[in-house]
Amino acid sequence: MSTTLTIEHLSIGLPEGADRPFAVEDVSFAIDKGEILCVVGESGSGKSMTANALMGLLPPGVTVKAGRAMFEARDVLRLPESEKQALRGAQVAMIFQEPMTALNPLMRIGDQIAEVFAAHDRYTQSERRERALELIREVQLPDPEKIIRAYPFQLSGGQRQRAMIAMALALEPKLLIADEPTTALDVTTQAQILKLILDLRERRGMAVMFITHDFGVVAEIADQVIVMREGKVVERGAAATVLNDPQHDYTRRLLDAIPTGRLPEARALSETPALEIKGLRKVYRTGGGFFRPVREVRAVDDVSLSVARGEVLGLVGESGSGKSTLGRTAVRLVTPDGGQVLVGGTDLAALSDEELRKQRHKVQMVFQDPYASLNPRQRIMGAITDGPITRGVPRKQAEARARELLEIVGLGADAAQRFPHEFSGGQRQRIGIARALAMDPELIIADEAVSALDVSIQAQVLDLLRELREKMELSILFITHDLRVAAQLCDRIAVMQKGRLVEIGTVHDIFLRPQQEYTRKLLAAVPGADWEQQRTATV
Amino acid sequence: MWKRFRSNIGAVIGVVLLVLVIAIAIFAPLIFANSPWQMVQRPFLAPFAMDGLPLGTDTLGRDVAAQLAYGARVSLLVGLVSTLVALLIGVPLGALAGFYGGYVDEGAMRFTEFFQTIPNFALAIVLVAIFEPTLASITLAIAIVSWPPVARLVRAEVMSVRKREFVDAATLAGLSKPRILVRQVLPNTVSPIIVMASLMVATAILLESSLSFLGLGDPNAMSWGYMIGAARTVIRSSWWLSFFPGVAIIITVLALNLIGEGLNDALNPHLSRKGKA
């Protein structure tokens, strides 16, 4: 097998004042023809920088300090800009994490693909169109004739990623760089895209450099793996070896941090419900005018469920399933169109604004984005004590409680005087949890509370939640798109699809004896499912 | 933030210039013993033609340098006060419109548009003509024509901040809506308001000068615009009479613009034009 790309001793320097001198330090690896190399690491490990350096897309101030990247007997890092441009697309192509921002929103899909040919001066106008159509067929987009005339916003996330891949394949590159291409997608869509990449590799014999943070994905597609941490390669080898017999400490920790399919012991649940949702409905209406009918989306369609005191109920679904709307309705950030939300006997859905304000403390929420959920101009103390003080708790007492809670969530009391930007994502999420706890709620709703975090941080926050559940008898409605995460923490799991409740049952029932077709599909789509089963079996 | 501001050479030059102008305005009575209205020499003395009158005299034999110094007081005062008044109108209106949306927004925005559809300067002239032209009425007129952009900016900022999750968190904490607006949302809109305000001071100075040029200034206050207006008939024979007040206006407005841009880069590092990594 011939080698497509060889990187030797690559070092990429960061501008002065950054947290470390090199984004990437002395990294070497090679990718053979037809091979998929997975570069794994947490955020800030330099995995994307490596890819950007190859494409000549480094941000200003960041420069290649040393090393070579040999591609077709030339060092791509030192080519003049014009030759780099000729290389990009034609020989080396790249696909990105967020297909919506990577596509031009004002250009039809077909034109965007044809533009790739135009940029490299290939074919005539009509031939380009012909080729674009072929490519769209190759990436298995439905109804190619229609897709070619569609704008990016008319496509779903998975279809957009397919269109991106079609563009990347247009000039038959020898190397495809994929930077977290499935991270923004639902599990079922992710599974399809991974399969497509495997297919294309098979058919075209491309080399693929696949950047990801998800070992599940690695298990699914990788031939070779390198694990990066703080700009350095800590482990490399064949996928099977790295996954099943990791040598480096860090790799082992990463693998341990992955939520496994291993199911927790079932716990006895109390009979008293903390939250009861009965026949909840929420319809979003958009558009509507003289000539257009109103578009109705049933975000939550007649859903009934309950969370027992001390129970953690996982609410799982893909994007657009209405799980977040359900969560927001339960705290009444969204007012439902019908149905009841009973918390401790009070129907939150029926209260007036003023009454509601007094009952707010009963249900609290931990939000998804640790960067948006704290006011950047307010000290942590203020963020935590605002609520209790409004409720009438004396300031002194509220502040003492806030310090205590900050200790409990593992930050230390002196965190109170600092501003949010001084904390990392995981720490902010702990602050969010402390803020929710400060209100002594009967129920906490965690809306994708760990989705934005790296696996190792994710594991820590999940540990914290589990610990709090034991200590404080917390009832939690845990909303997530990730079945593996749900399995770790939850007592029962509810599966939603298109606003409807598909299935609800204990973790064991859902994972081992799923009743519904959709649940089975979700379970099968979890990346690396087979590998995980072996792993859990051997542990 | 201060460090980022300092690293911007243009902004530092702006600050130096502005401090200079402010110092001259404050110490005008100390530097120039004579009132700017007092005739001190024969008219049309060219600059440096006589000791003690570095910028010469005007059509009536008054000291141009003294006029400039006293004019700085009027320009700066009108600029600052009118901007403050404009903020007092624009910020609350924009904040309410952006935060409550719906009918409040519709009402506030139609009201704002009513002012925006009339050309700024024409409206200012009409307002000054209706009131007596005094410093207070001129300041008020300038404020009335310059608040709509503030209201629009604040509205847009509030609308975007309002959708952030920490606002939801504050709602869940049981905070009342007015309290959320004042304590959580508005502090996050301060940076662009500061930037806009610094640029508005410059615009207000220009507006005041233009009004004075047209003879609509306060007859009892010496201002740069009045000086240029009074000198326009003799612009060919006595260039210095319109040149120096013109330079004063340019320097002050330029200084404010430089500071505004510096503040913009310092307060919104993500939008910095230079795109430093």
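The values are calculated or read from the model by the stated rules, or taken from the named source; none is laboratory data. Being a predicted model, the structure only gives us computed values, none of them experimental. In this analysis, Cβ positions are derived from the backbone assuming ideal geometry, glycine residues included, and neighbour counts consider all displayed protein chains.
Within the stretch B:114-123, can one find any residue that is touching a Lys or Arg at 6+ places or on another chain (Cβ under 9 Å), over 28 Å from B:ILE259 (Cβ atoms) and modelled with pLDDT of 90 or more?
No.
Could you check the stretch B:124-134 and list, in sequence order, the residues that are within 20 Å of B:LEU80 (Cα to Cα) and either assigned to a loop (DSSP other than H, G, I, E, B) or modelled with pLDDT under 90 (or both)?
Result: B:PRO133, B:THR134.
Checking the condition under 29 Å from the mean Cα position of the chain (by Cα) and within 14 Å of another protein chain (Cβ to nearest Cβ), which residue from A:LEU57, A:LEU135, A:LEU106 passes?
A:LEU57
Here are some residues: A:LEU305, A:LEU356. Which one is within 14 Å of chain B (Cβ to nearest Cβ), buried (at least 17 other Cβ atoms within 10 Å of the Cβ), more than 22 Å from A:SER156 (Cβ to Cβ) and of a type outside the set (Gly, Ala, Ser)?
Among A:LEU305, A:LEU356, only A:LEU356 is within 14 Å of chain B (Cβ to nearest Cβ), buried (at least 17 other Cβ atoms within 10 Å of the Cβ), more than 22 Å from A:SER156 (Cβ to Cβ) and of a type outside the set (Gly, Ala, Ser).
Just wondering, is there one or more residues in the stretch B:71-92 that are within 20 Å of the chain's Cα centre (by Cα) and more than 25 Å from B:VAL253 (Cα to Cα)?
Yes, the stretch B:71-92 has at least one match.
Can you name every one of the helices (runs of 4 or more DSSP H) wholly within the stretch B:1-120 that holds 1 or more residues which are over 20 Å from B:LEU135 (Cα atoms) and of a type in the set (Gly, Ala, Ser)?
So the answer is B:9-31, B:64-100, B:102-116.
Determine if the stretch B:159-166 includes at least one residue that is within 20 Å of B:LEU93 (Cα to Cα), away from chain A (no Cβ under 14 Å) and either in a helix (DSSP H, G or I) or touching a residue at least 24 places away in the same chain (Cβ under 8 Å) (or both).
Checked against the condition, which is being within 20 Å of B:LEU93 (Cα to Cα), away from chain A (no Cβ under 14 Å) and either in a helix (DSSP H, G or I) or touching a residue at least 24 places away in the same chain (Cβ under 8 Å) (or both), the stretch B:159-166 yields at least one hit.
Taking interchain pairs and intrachain pairs at least six residues apart, which have beta carbon atoms under 6 angstrom, with the first residue in the stretch A:82-93 and more than 10 Å from A:HIS120 (Cα to Cα) and the second outside any helix (DSSP H, G or I)?
Within 6 Å, the pairs are A:LYS84/A:GLY56; A:GLN91/A:PRO173; A:GLN91/A:LYS174; A:VAL92/A:PRO173; A:VAL92/A:LEU175; A:ALA93/A:PRO173; A:ALA93/A:LEU176.
Provide a single number: the residues in the stretch A:148-193 that are part of a helix (DSSP H, G or I), surrounded by fewer than 20 Cβ atoms within 10 Å (Cβ to Cβ) and of a type in the set (A, V, I, L, M, F, W, C).
Looking only at that region, the number is 1.
Give the number of residues within the stretch A:483-498 that are touching a helix residue (DSSP H, G or I) at 6+ places or on another chain (Cβ under 8 Å) and either at pLDDT 90 or above or outside any helix (DSSP H, G or I) (or both).
7
Can we say B:SER209 is touching a residue at least 40 places away in the same chain (Cβ under 8 Å), part of a helix (DSSP H, G or I) and crowded, with 24+ Cβ neighbours inside 10 Å?
So B:SER209 fits the description; yes.
Contact list please: Cβ distance under 7 Å, first residue in the stretch A:409-438 and farther than 24 Å from A:SER43 by Cα and more than 14 Å from chain B (Cβ to nearest Cβ), second residue among the charged types (D, E, K, R) and in a helix (DSSP H, G or I), pairs at least six apart or on different chains.
Listed by first residue and then by second, the contacts come to A:ALA413/A:ARG403; A:ALA413/A:GLU407; A:ALA416/A:ARG403.
Considering only the stretch A:100-111, I want to know if a residue exists there that is surrounded by 15 or more Cβ atoms within 10 Å (Cβ to Cβ), of a type in the set (Gly, Ala, Ser) and touching a Pro at 6+ places or on another chain (Cβ under 6 Å).
Checking the stretch A:100-111: not a single residue is surrounded by 15 or more Cβ atoms within 10 Å (Cβ to Cβ), of a type in the set (Gly, Ala, Ser) and touching a Pro at 6+ places or on another chain (Cβ under 6 Å).
Check whether at least one residue in the stretch B:8-26 is farther than 30 Å from B:LEU241 by Cα and touching a Gly at 6+ places or on another chain (Cβ under 6 Å), and report yes or no.
yes
So which residues in the stretch A:297-351 are acidic (Asp, Glu) and either under 20 Å from A:ALA449 (Cα atoms) or assigned to a loop (DSSP other than H, G, I, E, B) (or both)?
Residues satisfying the conditions are A:GLU311, A:GLU318, A:ASP337.
Scan the stretch A:503-511 and tell me whether some residue there is in a loop (DSSP other than H, G, I, E, B) and within 18 Å of A:SER306 (Cα to Cα).
Scanning the stretch A:503-511 turns up no residue that is in a loop (DSSP other than H, G, I, E, B) and within 18 Å of A:SER306 (Cα to Cα).
For A:GLU42, are the conditions met, namely being charged (D, E, K, R), in a loop (DSSP other than H, G, I, E, B) and buried (at least 18 other Cβ atoms within 10 Å of the Cβ)?
yes
From (1) out of contact with any Leu (no Cβ under 9 Å at 6 or more places or on another chain); (2) surrounded by fewer than 22 Cβ atoms within 10 Å (Cβ to Cβ); (3) closer than 27 Å to A:ARG428 by Cβ, pick out the condition that doesn't hold for B:ALA173.
(2)
Among the residues of the stretch A:60-103, how many are within 14 Å of another protein chain (Cβ to nearest Cβ) and under 30 Å from A:THR189 (Cβ atoms)?
The total comes to 0.
Restricting to the stretch A:382-404, give me the number of residues that are within 35 Å of the chain's Cα centre (by Cα), at the interface with chain B (Cβ under 9 Å from one of its Cβ atoms) and among the basic types (Lys, Arg).
The number of residues fulfilling the criteria is 0.
Just wondering, is there one or more residues in the stretch A:216-226 that are out of contact with any helix residue (DSSP H, G or I) (no Cβ under 8 Å at 6 or more places or on another chain), farther than 24 Å from A:LYS498 by Cβ and not polar (S, T, N, Q)?
Yes: the stretch A:216-226 contains one or more residues that are out of contact with any helix residue (DSSP H, G or I) (no Cβ under 8 Å at 6 or more places or on another chain), farther than 24 Å from A:LYS498 by Cβ and not polar (S, T, N, Q).
Would a scan of the stretch B:214-224 turn up a residue that is in a helix (DSSP H, G or I), crowded, with 21+ Cβ neighbours inside 10 Å and away from chain A (no Cβ under 14 Å)?
Yes, some residue in the stretch B:214-224 is in a helix (DSSP H, G or I), crowded, with 21+ Cβ neighbours inside 10 Å and away from chain A (no Cβ under 14 Å).
Go through the stretch B:124-136 and count every residue that is surrounded by fewer than 17 Cβ atoms within 10 Å (Cβ to Cβ) and not β-branched (Val, Ile, Thr).
Here the count works out to 4.
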